[in-house]
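Okay, so here's the structure we're looking at.
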Amino acid sequence: MRDIDVLVVGAGFAGMYAVHRLASDGLSVRAVEAGSDVGGTWYWNRYPGARCDVESLEYSYAFDDDLQQEWSWTERYAAQPEILSYASHVADRFALRDHIDFDTRVVSVVHANGRWVVTTRAVTDRSVHGDALGDDVTVWNARFVVMATGCLSSANVPDLPGIADFEAAGGTVLHTGRWPHDGIDLAGRHVAVVGTGSSGVQAVPLVAEAAEHLTVFQRTATYAAPAFNAPLDPDVEASVKARYGEFRAMLQKRATAFGASYPRAHPSALTVSAQERNEILEDRWMLGGFAVSAAFADLLSDPEANDLVAEFVRSKIRAVVDDPATAELLCPTQTFACKRMCVDSGYFEAFNRNDVDLVSVADNPITRLADRGIVLADGSLHEVDTIVFATGYDAMTGSLARIDIRGRDGRRLVDEWAAGPRTLLGIAVPGFPNLFTVTGPGSPSVLANMITAIEQHVEWIADCIGWLDAHDHVEIEASESAADEWVGHVNDLAASTLYPTCNSWYLGANVPGKPRVFMPVLGWPAYVRRCNDVAAAEYTGFAVT
Ligand code: FAD
């Protein structure tokens, strides 16, 4: 058993920064990462078209001014390989790999005698269905554990009957988040893309170009706006870098559109004339990305305002897609932006190709795989030799639930969260002292620019550990009542909006059997103020011993 101050689980942007900050604070730190290198999301998601939909100058660390000045992005929206290079550059620059065990999975985290006993096993093989683990175990004895396991890191591969038969008959099964690292040649293949969320929308145009034929299986049509991606304008880069601190501070005040730097929202879609509304929406549309979702302050609270924006987006889809029946199928009907809006580069245009078909599985779901393809409820067979599941993740709780985490008195995290995650600030869980979750459920996480959210959490956690040590405290634990109050607050905020009106992964609705609970908290600036207030008041809501 090896003693350590802090054991960090995961080496994506959260784990990397946690290692850097905590080691800089003089603590002994070890991170354990299932992948073979740093980068997390950007290490795993190597599917064609994988790209950030927050602009490069915003989706990057702010904690080190030299780092943000010296790194140059090539595009307005960085593609996966460039973000992975950035992660690697950060790891080199701060010598982070010295602190990380790669190809190793944390299998259990158990509280015993006031410490955390963390057991890891080596990853011996990987496939779309998960990791194979070796028998050798390493056991760590840590005072603190930082779960930097990621909100979107547990691939949701549908458990369909017949998958093994399809593979045995020579078919290939892929998931966007477990993409083969040596790539895959799709030339000559008949490919299915299942799922039309962010990953599917990004992958479809490039899979269509590469494959012989593509069939897209859609359960819910998606709202997507064009990225208008382009090489990063050197003048824009220079002007941001000349005032990077001020630019980041301005982003901290944004509560909508993932904290992006779009112009502030107009107060209401209903108090402007139809012509004015259309002009505003056109302007936003031409800005690209999520800008349209930040057009009006009431579009996620007033159904009428939402309908007007939704209809505007549908009109854009109809204008692109040639075949009216296909266009109608691609037009979403759910509340606009209550599922994560997508940012596309040629998604709707792909359906104008002769070698791309769209199949709705809304009322005729996929029931199984056969040797030669996908079978729907009505018995129809769609012949394909390669299936790309763009079916997303067991979001926010999945990677935590896959670890056997036992707190005080043997309380199991999965049992504690059976009715939905219960945290204080998305950082701490009652019954699990000295264990922190970075961007955990109950924090803004996936509704924010996630690197910003990660930095805020890591700094709060590191400051908290520093405060405990400075005051000779041993342990900190969220109180039951404060966690109940916080969960109620998260639910109340969500209930005051249109977010709960559709089946999104924010609500866990993409995973069969998962409780329907809105997991992220709304409102970035108010959340940050709350975290700061809690720390300034010497950790109200926490028991300190
Ligand atoms: P991750 O990057 O997910 O890293 C977690 C790491 O923990 C993983 O490497 C995983 O292998 C490891 N891990 C998990 N469990 C264990 C275990 N038991 N043992 C060992 N290791 C473990 N966010 C944005 O803000 N803007 C975007 O545009 C954006 N685009 C995205 C596009 C895609 C396709 C995806 C999947 C996500 C996107 N995100 C985006 C969210 C993205 O996940 C975050 O921005 C960020 O990369 C998360 O960093 P992280 O370190 O918290 O988690």
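The values are calculated or read from the model by the stated rules, or taken from the named source; none is laboratory data. Quantities reported herein were computed from a predicted structural model and do not represent experimental measurements. So basically every Cβ, Gly included, is an ideal-geometry build from the backbone, and we count neighbours across all protein chains shown. Side chains are part of the model used for accessible areas, which takes the heavy atoms of the whole protein and leaves out ligands, DNA and RNA. Shrake-Rupley method; radii C 1.70, N 1.55, O 1.52, S 1.80 Å.
Brief remarks on what is shown
- A Stokes-Einstein calculation at 25 °C with viscosity 0.890 mPa s, built on the Kirkwood radius of the stretch 43-163 over Cα pairs, returns a diffusion coefficient of 139 µm²/s.
- Derived from the Cα gyration tensor, the three semi-axes of the equivalent ellipsoid of the stretch 204-299 are 29, 23, 13 Å, largest first.
- The stretch 443-545: GluC sites (Glu not before Pro) in DSSP coil with no more than 11 other Cβ atoms inside 10 Å: E538
- Solvent exposure of the stretch 328-482, expressed per residue, is 34 Å² of accessible area, with all protein chains present and a 1.4 angstrom probe.
- Entry comment: accessible area of the stretch 82-228 is 38 Å² per residue, from protein heavy atoms only and a probe of 1.4 Å.
- Residue-normalised accessible area of the stretch 14-68, expressed per residue, 1.4 Å probe, Å²: 27 Å²
- Nearest 10 degrees, 0 to 90: helix 80-93 Cα axis against the chain principal axis: 20 degrees
- Our coupling estimate for the stretch 314-323, obtained by passing each phi through the Karplus curve with A = 6.51, B = -1.76, C = 1.60 and θ = phi - 60°, is 4, 4, 5, 5, 4, 6, 8, 8, 5, 7 Hz, Gly and Pro reported as x.
- By average C-beta atoms within 10 angstrom, highest first, the peptides 48-59, 358-369: 48-59, 358-369
- Trypsin sites (Lys or Arg not before Pro) within the stretch 454-545, DSSP loop, no more than 15 other Cβ atoms inside 10 Å: R516
- Estimated 222 nm signal from helices in the chain, with DSSP H stretches of n ≥ 4 weighted -39500 (n - 2.57), rounded to 500: -9500 deg cm²/dmol
- Relative frequency of Cα-Cα separations exceeding 16 Å in the stretch 121-160, percent: 61 percent
- Normalised by 2.2 N^0.38 Å, with N the number of residues, the alpha-carbon radius of gyration of the chain equals 0.96.
- Heavy atoms of S153: accessible area, 1.4 Å probe, square angstrom to 10: 50 Å²
- Fraction of accessible area attributable to carbon and sulfur, the chain (%, probe 1.4 Å): 50 percent
- For the stretch 113-119, backbone phi angles converted through the Karplus equation (6.51, -1.76, 1.60; θ = phi - 60°) give residue-by-residue couplings of 6, x, 10, 10, 9, 10, 10 Hz, Gly and Pro being listed as x.
- Here the contact order of the chain, divided by its residue count and restricted to Cα pairs under 8 Å and six or more residues apart, works out to 19 percent.
- Remark: accessible surface ordering of L27, L7 (largest first) is L27, L7, probe radius 1.4 Å.
- Spatial separation of Cα centroids for the stretch 171-225 and the stretch 507-532, in angstrom: 29 Å
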